[in-house]
Amino acid sequence: MKRRDFLRNSALASGALLIPSFLKPLEAMAMGDMSGYKNLVIIQLSGGNDGLNTIVPYGNDIYYQKRKTIAIQQPDIIKLTDVQGLNPNLSALKEIYDQGWMSIINSVGYPNPDRSHFRSMDIWQTGSDANQFLTTGWIGRYLDSNCNTCTDPYAAIEVDDTLSLAMKGVKMKGIAVENPAKLYQATRDPFFKQLVHQHDSTHLSEDNLGYLYKTMIETYSSADYIQQTSKTYSTTALYPQTAFANQLKSVAKFINSGLKTRVYYVSLSGFDTHTGQQNQQGRQLKIYGDAVAAFIKDLKQANKLDDTLVMAFSEFGRRVEQNASNGTDHGTANNVMIFGGKLKKQGVYNNAPNLSQLDNGDMKYEVDFRDVYATLLDKWLNVNNSQILNKSFSGLNFV
């Protein structure tokens, strides 16, 4: 087929099918070259979740002084320690906490924090310093570092229709799969299928057309593998009827079916609570808590929880003092939640946030978020964190 005919006729080239989730996935993830079969699940809470109303420091009077109308009242709090407790909308997580499958890391952040949603999310997704601008994500660089000659293109999956910066490396990328069946059907389009079978990826040129053919072949094989493998497992666990719960249900199906994937990425938005925070955040926390609880129980029932680690984060917390609209504005340090069946330190990992020593009204970070990443990289994914994070971090002891 001539180049001009291909470009004229292919719906892929026009962008109808070749959306970001179909862009060239990573090329180097054969499981035989990777250590272990542990799963890492990243949950992104987009918008800047208010950590103080999530893991509530009810034992600190300053919390109630600063939040006269939006503080969670003590009778409603699900107490975890003498100082901190869960927002009542996270009641589903109490059982997970009591089982020892949950760890809460307080006051996580980074030096010179940025309060912009976009910039702060970039910092978290790339693992950069506040004044450093990177074009690759920390998971993408993990993919780059592991293997140079492998071919499996599904070692990192984002359950969405687009791929986050966190999943993009220089040579390799994760693949976005919102619905395996739809991806499979899209790649079985007759024209797509004909082109795939007419070209051998080992003899493709390095020009744009060769790249496009290679992308199609990789996507074709990935869609087949994900669909055929994941459909061998039928989920019996009950999940809430929410889009976020469906994302985690898909991840559980991938894990329980034995899909050879190391990293999964999901997200839940709606946490930018400048006005009317209690109701808005409460709704989102219930969606989050109920879905995570169902997910953890599903993995436990399938004997996969010991091999799975979950990290939930948001790009920043909120200011300590509420604003005039019964909400909170962009802040800095926040809590990170870790879930898994093999946690070394269960419950609350470190001291509650210090509300008496603030930095211009914001909490001071005590744990660098890259120490959390370093722990995941060193102790769970078995790679040297300095190769991924561009400097060495000591890590933590939650796993």
Practice task
Would you please give the FRET efficiency between Q301 and A243, computed as 1/(1 + (r/R0)^6) with r the Cβ-Cβ distance and R0 = 22 Å, to the nearest 0.05?
Solution key: 0.45
Fill in the blank from the handout: So, over other residues within a Cβ distance under 12 Å of I139, counting Lys, Arg +1 and Asp, Glu -1, the net charge is +2
Practice task
Send over the semi-axes of region 266-349's equivalent ellipsoid, whole angstrom and largest first, taken as the square roots of 5 times the C-alpha gyration tensor eigenvalues.
Solution key: 30, 15, 9
Completion exercise
Over region 250-399, with neighbouring protein chains present, the accessible area per residue in Å² at probe 1.4 Å is 36
Practice task
Net charge near L381: determine it from the other residues with C-beta under 9 Å of the C-beta of L381, scoring Lys and Arg +1 and Asp and Glu -1.
Solution key: +2
Problem - Length gained when the stretch S392-K171 is fully extended (0.36 nm per residue, less Cα-Cα span) - result: 77.3 nm
Exercise for the section: Can you tell me which of 251-262, 48-59 comes out highest on packing, and rank the rest after it, using the mean Cβ neighbours within 10 Å? Expected result: 48-59, 251-262
Completion exercise
Simple spin-label estimate for N360/Q74, 7 Å along Cα→Cβ, in nm, reads 3.5
Handout entry: Given charges at beta-carbon only (K, R positive; D, E negative), |dipole| of region 283-351 in Debye
Key = 220
Practice task
Can you check what the net charge comes to around E321, using other residues whose Cβ is under 11 Å from the Cβ of E321 (Lys, Arg +1; Asp, Glu -1)?
Solution key: +3
Practice task
Could you rank D161, D82, D371, D298 by how accessible they are, 1.4 Å probe, largest area first?
Solution key: D82, D161, D371, D298
Fill in the blank from the handout: From highest to lowest solvent-accessible area (probe 1.4 Å; ligands, DNA and RNA excluded), K342, K68, K79, K304 read K68, K342, K79, K304
Handout entry: Size of charge dipole - region 261-383 - debye, nearest 20, with Cβ of Lys, Arg +1 and Asp, Glu -1, no other charges
Key = 500
Completion exercise
Under the 7 Å Cα-to-Cβ spin-label approximation, Q185 and N323 lie apart by a distance in nanometres of 4.3
Practice task
May I ask which of K94/K231; K79/K304; K260/K297; K286/K345; K173/K260; K286/K342 have a Cα-Cα span longer than 23 Å here?
Solution key: K94/K231; K79/K304; K286/K345; K286/K342
Practice task
Could you order R115, R319 so the one with the most accessible surface comes first? Probe is 1.4 Å.
Solution key: R115, R319
Handout entry: Global size of region 214-303 as Cα Rg and Dmax, reported in angstrom
Key = 16.1, 50
Problem - V41 - accessible surface, heavy atoms, 1.4 Å probe, Å² rounded to 10 - result: 0
Problem - Computed label-point distance, nm, for sites E178 and H117 using a 7 Å Cα→Cβ extension - result: 1.8
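The values are calculated or read from the model by the stated rules, or taken from the named source; none is laboratory data. The model shown is predicted, which means the values in this text are computed figures rather than measured ones. So basically every Cβ, Gly included, is an ideal-geometry build from the backbone, and we count neighbours across all protein chains shown. SASA here: full protein model, heavy atoms, side chains in, ligands and nucleic acids out. Shrake-Rupley method; radii C 1.70, N 1.55, O 1.52, S 1.80 Å.
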